[in-house]
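Read the structure below first, then the notes.
The values are calculated or read from the model by the stated rules, or taken from the named source; none is laboratory data. Keep in mind the model is a prediction, meaning the values are calculated, not measured. All Cβ positions, even for glycine, are placed from backbone atoms using ideal geometry, and neighbour counts span all protein chains on display.
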Amino acid sequence: MPTNYEKLIERVNELDDLNKAAALLSWDREVNMPRAGAPARIAQMTTMSSLIHRMSTADEMGELIENAAAELDGAPYESNQAALIRLLRRNYADARKLPAEYVARSSAVSGQAREAWVRARAENDFEHFRPWLEQVVELCQEMADYYGYEDERYDALLDKYETNMKTAEVRAIFDALKAELIPLREAIDAGRVKLDDSIVHRAYDVEKQKAFARYIAKAIGYDFERGHLGTVVHPFATSFSRNDARITTRWYPDFLNPSLFGTLHECGHAMYEQGTHPDLARTPLARGTSLGIHESQSRMMENIVGRSRGFWQAHFPTLQSYFPEALGDNTAEDFYQAINKTQPSLIRVEADELTYNFHIILRFELEQAMLNGELAVADLPVAWNDKMQSLIGITPPNDAEGCLQDVHWSRPGFGYFPTYALGNLYGTQFYETAVAHNPAIAGELAAGKTDALLAWLRENIHQHGKKFTPGELVQRVTGQPLSHEAFMRYARAKFGELYQLN
Ligand code: ZN
């Protein structure tokens with residue numbers, strides 16, 4: 001007779017297989033599928049997701065979880081079994097809170113809102129998107145009320161991306177970050193040093209970019225035996241098991257950064273999933289802890305590693321050998337300065353490492369105001385421009401480059417944006433701890449190597465998958481809750497030196 005836990009695991013494995021098969025349909029749609037395949041693919045994906053939803057919300061699933069939990073009573077908190085029960089209980093309860101009618105309506109509105117957003121942005125016509133955004137805000141309010149919350153409505157949504165994190169905690173961290181980051185940005189703007197990034201805007205042959213992307217991905221430890229690099233319009237990473245974690249990139253013939261830093265970023269995500277413990281396979285534990293922790297791994301590879309001086313002193317000669325015409329006359333130091341130029345800019349996805357955080361804080365504050373009914377959607381463009389001016393020091397000339405720039409608000413996903421900036425903060429706090437534990441990590445990085453760093457990440461973060469909440473993980477690993485302090489130490493040291501602020 002199988003135990004209750006074995007019965008549960010059998011169902012969990014089946015569901016995980018279905019989820020991964022659904023993810024593969026989605027990956028294939030972005031990377032390989034001919035456009036004519038879209039209608040059939042949408043039908044296939046809809047069938048898969050309703051099958052998965054039915055299985056995961058069935059009464060039987062609840063019984064399997066509770067029978068196994070009773071049998072395991074007393075299993076240590078850190079054990080895989082106890083962690084799995086905690087996660088399954090949570091997912092099961094959440095999935096049953098949203099009525100089927102709501103899910104269907106939300107998905108229909110999102111589909112139409114996205115179409116409206118595409119047109120509104122192309123035509124710089126906020127009024128065209130406004131009624132859809134009003135519906136999206138209402139969907140977010142409804143969702144928050146279905147999930148429930150104790151303190152603030154936004155908590156209910158944030159919790160879906162950063163388990164157990166409270167809005168008040170994020171607000172306090174972002175306020176402290178703003179208080180120190182705004183003066184740093186102003187000092188850089190007012191300073192006499194201006195960095196030149198024209199060399200990254202030269203002609204870069206796309207086939208050579210592809211070859212160099214593979215070189216640099218291997219250099220930071222991405223395992224191509226268990227990975228794959230594909231081409232897409234909007235890059236992402238996805239995994240079907242720890243032995244098949246894929247990345248995607250886009251290529252511009254006249255701009256090196258998107259493919260280079262996009263590859264390093266997605267590698268950070270995929271290396272996280274390649275590093276989950278084999279014992280967690282075919283369960284929902286074999287994933288990143290949260291979106292914010294996931295983003296800490298991608299930002300670390302993109303910025304802390306990929307935009308460091310030592311890394312390019314080691315790898316610039318190779319880059320130069322791929323692109324002798326673009327970079328033949330330049331030094332590693334020229335390149336280091338070009339990729340670290342910071343300046344106020346309008347578009348989030350093009351923002352540099354430092355000012356990126358302001359773009360997120362702005363969205364975090366506006367989402368709360370809309371959710372709480374303090375800001376009418378009709379007043380969003382003005383509120384957006386005011387905040388851009390106070391945080392970044394510039395005002396968008398139009399809404400297409402202002403509040404219409406992101407696709408995110410065409411679906412009820414409030415609470416997602418903050419995870420991008422939280423990732424920057426987690427990443428620096430983890431990196432500082434890693435170097436404190438093993439000073440060789442900094443020495444290796446200065447020589448262009450990441451073996452010791454990757455070993456530390458595997459041991460302290462990757463192997464645990466989703467066993468802990470982000471708050472538990474950051475406390476375990478760094479001995480402290482998340483704060484802005486490590487990021488500010490990193491930012492002051494790096495940009496203070498680059499911009500000669502002292
Ligand atoms: Zn990312």
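Evaluating Ala281 against the criteria (1) more than 16 Å from the ligand (Cβ to nearest atom); (2) over 26 Å from Phe240 (Cα atoms); (3) in contact with a Ser or Thr (Cβ under 8 Å, 6 or more places away or on another chain) leaves one unmet condition, (2).
When Ile304 is tested against (1) in contact (Cβ under 8 Å) with a residue 24 or more places away in the chain; (2) surrounded by fewer than 20 Cβ atoms within 10 Å (Cβ to Cβ), exactly one condition is not met: (2).
Please specify each residue of region 265-278 satisfying the condition of being closer than 21 Å to Thr450 by Cβ and more than 11 Å from the ligand (Cβ to nearest atom). If the condition is that a residue be closer than 21 Å to Thr450 by Cβ and more than 11 Å from the ligand (Cβ to nearest atom), then Met271, Glu273, Gln274, Gly275, Thr276, His277 are the ones that fit. For region 352-387, the set of residues classified as acidic (Asp, Glu) and either free of Cβ contacts under 8 Å to residues at least 24 places away in the same chain or part of a helix (DSSP H, G or I) (or both) consists of Asp352, Glu365, Glu367, Glu374, Asp379, Asp386, listed by residue number.
Taking the listed residues Ser239, Ser259, the one that is outside any strand (DSSP E or B) and within 16 Å of the ligand (Cβ to nearest atom) is Ser259, with no other qualifying.
Each residue in region 242-256 was checked for being more than 15 Å from the ligand (Cβ to nearest atom) and in contact with a Ser or Thr (Cβ under 6 Å, 6 or more places away or on another chain), and 2 pass. Tell me, please, whether a residue that is within 16 Å of the ligand (Cβ to nearest atom), within 21 Å of Arg185 (Cβ to Cβ) and either more than 20 Å from the chain's Cα centre (by Cα) or of a type in the set (A, V, I, L, M, F, W, C) (or both) can be found in region 335-352. Within region 335-352, one or more residues are within 16 Å of the ligand (Cβ to nearest atom), within 21 Å of Arg185 (Cβ to Cβ) and either more than 20 Å from the chain's Cα centre (by Cα) or of a type in the set (A, V, I, L, M, F, W, C) (or both).
Within region 485-498, residues that are within 13 Å of Glu180 (Cα to Cα) have Cβ atoms under 8 Å from residues that are among the aromatic types (Phe, Trp, Tyr) and part of a helix (DSSP H, G or I) in these pairs: Ala486/Tyr431; Tyr490/Tyr431, counting only partners at least 6 apart in sequence or on another chain.
For (1) surrounded by 14 or more Cβ atoms within 10 Å (Cβ to Cβ); (2) touching a helix residue (DSSP H, G or I) at 6+ places or on another chain (Cβ under 7 Å); (3) of a type in the set (Gly, Ala, Ser); (4) within 22 Å of Leu291 (Cα to Cα), each residue gets a yes or a no:
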| position | (1), (2), (3), (4) |
| --- | --- |
| Ser110 | yes, yes, yes, yes |
| Ala113 | yes, yes, yes, no |
| Pro131 | no, no, no, no |
| Val137 | yes, yes, no, yes |
| Met143 | yes, yes, no, yes |
| Asp155 | yes, yes, no, yes |
| Thr167 | yes, yes, no, yes |
| Val170 | yes, yes, no, yes |
| Ser198 | no, no, yes, no |
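Among the residues examined, Lys449 qualifies as in a loop (DSSP other than H, G, I, E, B), out of contact with any strand residue (DSSP E or B) (no Cβ under 7 Å at 6 or more places or on another chain) and of a type in the set (Lys, Arg). Of the residues making up region 227-236, those that are away from the ligand (no atom under 14 Å from the Cβ), more than 14 Å from Gly275 (Cα to Cα) and either in a strand (DSSP E or B) or of a type outside the set (A, V, I, L, M) (or both) are His228, Leu229, Gly230, Thr231.
Scoring Glu78 on the criteria (1) modelled with pLDDT of 95 or more; (2) part of a helix (DSSP H, G or I) leaves a single failure, condition (2). Only one entry in Gly402, Gly393 is at positive phi and either of a type outside the set (Ser, Thr, Tyr) or in contact with a strand residue (DSSP E or B) (Cβ under 7 Å, 6 or more places away or on another chain) (or both), namely Gly393.
Tally the residues that are crowded, with 19+ Cβ neighbours inside 10 Å, not in a loop (DSSP other than H, G, I, E, B) and not hydroxyl-bearing (Ser, Thr, Tyr), restricting the search to region 388-443. Going through region 388-443 one residue at a time, the tally reaches 15.
Can you confirm whether region 232-253 contains a residue that is over 27 Å from Tyr426 (Cβ atoms), surrounded by 16 or more Cβ atoms within 10 Å (Cβ to Cβ) and polar (S, T, N, Q)? Checked against the condition, which is being over 27 Å from Tyr426 (Cβ atoms), surrounded by 16 or more Cβ atoms within 10 Å (Cβ to Cβ) and polar (S, T, N, Q), region 232-253 yields no hits at all.
Cβ-Cβ contacts under 7 Å between residues 6 or more apart (or on different chains), taken from a first residue in region 285-300 that is within 8 Å of the ligand (Cβ to nearest atom) to a second residue that is polar (S, T, N, Q), are listed as Glu295/Thr419; Arg299/Asn424.
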